[in-house]
Amino acid sequence: MFVSHNMPAIQRLCARSVYLRQGSVVADGPTQQTIDRYLGEMSGGAAAQGVTYARRNEWLDVTSVELLVDGGPRTTVAAGATLTFRARYRCREPDRFRDGLECGFIVFGHGQKLANFWSNAGLGHTLPIAREGVISCTIPAWPFRSMPMTLQVHLNYRLENLVDLPEALRFESLDSDRFGTGIVPHPTEGIVLLPHTWETHPSHR
């Protein structure tokens, strides 16, 4: 039996986990589901999505925003995992936006902007729009370490901001054994875990 609050260690060592609160079993099941439950409750439900507009458009609504990890909905993501941000929208008159939309998923950690995933930069063109649809952005190897995070969503048309959701999603990023070495760097040693290689060889004079 392994007892810990160290999420990366639990994820690495345990296929099944039990979440206890004051001696009572709250959750018992697959480790990722148990961690999601624990972090969701510890954050007071902060990980649940909500759509609050700072700017909105009468013809266009974002109906939900989700975080998917390895294809399933989550409230947490471990460094190294495949992550998808997915926004569902509804448009009353798609013909108004015949040139296509631009979408931005902007990630904040501890209140600082850490990354901006912008559809025009990633695709080189705008996104076609329908009456109802889904816009997704997938990051194949999430690089960030343990911290609370928020996602801001922008929808633009011809560079004009139509929709701004400053806190479309709140979630937790977690440390993990990103490189499969059994070693997780200390949390003070930076905020990202990036792929890299090492080598050493004798010098020849």
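The values are calculated or read from the model by the stated rules, or taken from the named source; none is laboratory data. Everything quoted here is computed from the prediction, not taken from an experiment. Note that each Cβ is placed from the backbone with ideal geometry, even for glycine, and that neighbours are counted across all protein chains shown.
Of note:
- Applying the condition of being touching a Pro at 6+ places or on another chain (Cβ under 8 Å) and assigned to a loop (DSSP other than H, G, I, E, B) to region 90-121 and asking which residue is surrounded by the fewest Cβ atoms within 10 Å (Cβ to Cβ) yields His110.
- Residue-level analysis places Arg170 among those that are closer than 23 Å to Lys113 by Cα, of a type in the set (D, E, K, R) and in the same structural domain as Ser64 (by TED's automatic domain parsing).
- Filtered residues of region 122-138 (kept if of a type outside the set (A, V, I, L, M) and not in a strand (DSSP E or B)): Gly122, Gly124, His125, Thr126, Pro128, Arg131
- Near pairs, Cβ below 7 angstrom, 6+ apart or cross-chain, from region 1-28 (at pLDDT below 80 and polar (S, T, N, Q)) to any residue that is surrounded by 14 or more Cβ atoms within 10 Å (Cβ to Cβ) and part of a loop (DSSP other than H, G, I, E, B): Gln11/Ser176
- Check on Arg158, surrounded by fewer than 13 Cβ atoms within 10 Å (Cβ to Cβ) and among the basic types (Lys, Arg): yes
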